[in-house]
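Asks: What follows is a structure written as structure tokens; I'll ask about it next.
The values are calculated or read from the model by the stated rules, or taken from the named source; none is laboratory data. Predicted model, so just to flag it, every value in this text is computed and none were measured. Every residue, glycine as well, gets a Cβ built from its backbone with ideal geometry; the counts of neighbours run over all protein chains shown. With ligands, DNA and RNA removed, areas are computed over all heavy atoms of the protein, side chains included. Shrake-Rupley method; radii C 1.70, N 1.55, O 1.52, S 1.80 Å.
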Amino acid sequence: MARLAYAPIAVNSQATTYYGFRGIDRSRDIAAMETQEEQNFWLLDNCYVDYRGQLIRDPKFFLHSGSNRFPVKGLRFYNREGVVYAEEDAASTHLASDRGHRVDEAFPKDAIVTMTNFQGKVHIFCDDTRMYRYDGFQFSTATASIKPAFGVPIQRRMAVSGFRDRPTVVEFCRVDNPDIFLEEEAITEEVTRAAFIDISNLIGTADEIIGLGSFEANRLAVFTRDQTLVYIIDPDFEQWQLDSRANLRIGCISHNTIVNAGSDLIFCSRRGIHSIMRSEQNGITIAEASLSDEIEPLYQELVKTTPDPRLISAVYDPDTQTYHVFFPRPGGQQSVRLSMNFRAGYELVNFQLGDTLLPRCGTFLGGRLMFGTADGVYESTDRTFDQDTGLADLRRSPMIAETPVLWLGDFISTKRTHTFLLQASGKGRFFVEALDDQDRMMASIEVNLDKLEGDPHWGDVPLRSDYSFPFNHVFRGVRLRFRTEDQDTDSEVTIISFAFLMHKEK
């Protein structure tokens, strides 16, 4: 293994530098993705590129207090401190909370569970089943007789849909009363009474409602598989109207992927990840934007290999402006996380993959991000987390980041390099592996970022983070793999840039 040293000043050398990184890009062949500035990665597992263009390792996760050790497939905060969740065993789906309350065998084993908050309670839905509620003290069965598959709150009402016998209907409860829907409503002329919308004559096909989303306080998005209708909703049902300024010819694949991101609505379609937002041109029209074009083949492969697209779930972390999508794998125990960070805006979206704890769902509230995993409910830590605080069962998977083929400027000539330069910070160790354009291993470099004895740059002054390694190789193209090992769970890795020094031709 090469030993770490500070980078010397290059003499009679030609440098090729890669910096300002971007996330995963699969829009072109692996041999046609070199950019140097804003260089994309081919693979990012359990690490991400932040809005500054730095490659950073994912944080640790710890077991949430009160969580059981069963696979979790639905998760929601019932107050600032606690969560309620749906967990699955070999026989059925159970409801549980971190306070020890349970409903055993609430739903069938393969049930698709959705949840929403309304009037201080978590409302829990499953196809063709009466709703459950949880208020932090007990579970109860809703008194309303309807059996929707999902619902959202809007304008002091709860809108629900996904009825087996009425697949194009959205029902709304009476204002401020989730116990009264159409069947329970008395004959009255009050404009706050329970009401409904039927979109069958508007969609023009045999499609059906697949999800609901509320945004901008009074907009209800009604998703089918191929299109989306937007309604303006008011407590007075006589004021309801179809928003003629929203013409969205894109549908949704799963209600559980629909999340609010500020004033926008983000969701997953068959083709990719999309946002519903106000048009930047006029601020009046509601438009759709495709956000995942650069990973479209990867995304579509994940959708295609998910047993039922309705199982796909998502959560939005507003602190980091990251949208996490969970793709359960066949068999039920495995899962893949695809994350999209857009802190730098929709034009500079960064994607990553992750498999830490195999999460299947997530929830966020007040700075706390939790994942429902194959081993219970886990909460994300901050990257500066101190292990001595006594949190239970810390977990972290190794990071792997792979570049595409880097040609060091051109793909024709043969290069003769003598030095590899790395700009990195953090603590612990990681490895850099170099492969040529035929995927043959050329070098493996161990990078140790621990404090160096006598280094005056640790403390209150900036960290000296430029390191140099011998790299005497001849090649046309090179791929780099940055990785940590299983035992290096405490390594905090931030990679800022790297460069190759080539012998300068006379």
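Asks: Counting Lys and Arg as +1 and Asp and Glu as -1, what is the net charge of the other residues whose Cβ lies under 11 Å from the Cβ of Ser497? Please list the in-between numbers first.
Replies: Details: positive: none; negative: Glu37, Asp466.
Around Ser497, the surrounding residues sum to -2.
Asks: When the label point is put 7 Å from the Cα of Ser27 along its Cα-to-beta-carbon vector, which residues of region 342-364 have a backbone N closer than 20 Å?
Replies: 342-353
Asks: Specify whether the C-alpha gyration tensor of region 334-435 places it in the rounded, prolate or oblate class, a ≥ b ≥ c being the square roots of the eigenvalues: rounded for a/c under 1.5, otherwise prolate if a/b is larger than b/c and oblate if not.
Replies: Prolate is the answer for region 334-435, as a/c is 1.5 or above and a/b outweighs b/c.
Asks: Let me ask something else about it. Quick one: ranking Ile30, Ile154 by accessible area, 1.4 Å probe, largest first, what do you get?
Replies: From most exposed to least exposed: Ile30, Ile154.
Asks: Report, in debye and to the nearest 20, how large the dipole of the chain comes out about its Cα centre when Lys and Arg carry +1 and Asp and Glu carry -1 on their Cβ.
Replies: That gives a dipole near 820 debye.
Asks: As a test of the formula, what do you get for the chain when each DSSP H run with n ≥ 4 contributes -39,500 (n - 2.57) and the sum is divided by the residue count, at 222 nm and rounded to the nearest 500 deg cm²/dmol?
Replies: Helices in the chain give a 222 nm mean residue ellipticity of -500 deg cm²/dmol.
Asks: For the chain, with the dipole built from +1 on Lys and Arg beta-carbon atoms and -1 on Asp and Glu ones, taken about the Cα centre, which of Leu311, Pro328, Leu435 lies farthest toward the positive end?
Replies: The one lying farthest along the dipole's positive direction is Leu435.
Asks: Calculate the spin-label point distance for Thr285 paired with Asp355, positioning each point 7 Å from the Cα along the beta-carbon direction, and give it in nanometres.
Replies: Distance between label points: 4.4 nm.
Asks: In nm, to one decimal, how far is the Thr35 label point from the Ile412 one, both placed 7 Å along Cα→Cβ?
Replies: So the label points at Thr35 and Ile412 sit 2.5 nm apart.
Asks: In debye, nearest 20, what is the charge dipole magnitude of region 156-313 about its Cα centre with +1 on Lys and Arg Cβ and -1 on Asp and Glu Cβ, if you could check?
Replies: 420
Asks: Local charge sum around Tyr316 (other residues, Cβ-Cβ under 15 Å, Lys/Arg +1, Asp/Glu -1)? Write out the running numbers ahead of the final one.
Replies: Values: positive: Arg76, Arg337, Arg343, Arg368; negative: Asp264, Asp317, Asp319.
Surrounding charge for Tyr316 is +1.
Asks: Which net charge results when you count Lys and Arg as +1 and Asp and Glu as -1 among the other residues whose beta-carbon is under 15 Å from that of Ile209?
Replies: -3
Asks: Determine the dipole magnitude for region 1-152: charges of +1 sit on the beta-carbon of Lys and Arg, -1 on that of Asp and Glu, nothing else is charged, the reference point is the Cα centre, and the result goes in debye to the nearest 20.
Replies: Dipole about the Cα centre, nearest 20: 400 debye.
Asks: In terms of the Cα gyration tensor, with a ≥ b ≥ c the square roots of its eigenvalues, is region 127-232 rounded because a/c is under 1.5, prolate because a/b exceeds b/c, or oblate?
Replies: Prolate.
Asks: Whenever you get a sec, line up Ile112, Ile495 from highest to lowest accessible area (probe 1.4 Å, protein heavy atoms).
Replies: Of Ile112, Ile495, the descending order of accessible area is Ile112, Ile495.
Asks: To the nearest 0.05, what FRET efficiency results for Arg476 and Glu446 with a Förster distance of 25 Å applied to their C-beta separation?
Replies: 0.45
Asks: Quick check for the chain: number of Lys pairs with alpha-carbon distance under 27 Å, counting only pairs 8 or more apart or on different chains?
Replies: The number of close lysine pairs in the chain is 14.
Asks: Could you compute the FRET efficiency for Asp135 and Asn201, with r as their C-beta to C-beta distance and R0 at 25 Å, rounded to 0.05?
Replies: 0.05
Asks: Shape of region 223-298 from its Cα gyration tensor (a ≥ b ≥ c, root eigenvalues): rounded if a/c is under 1.5, otherwise prolate when a/b > b/c, or oblate?
Replies: Numbers: a/c = 2.16, a/b = 1.62, b/c = 1.33.
The shape class here is prolate.
Asks: Only Cα pairs under 8 Å and at least 6 apart count here; give the relative contact order of the chain as a rounded whole percent.
Replies: 19
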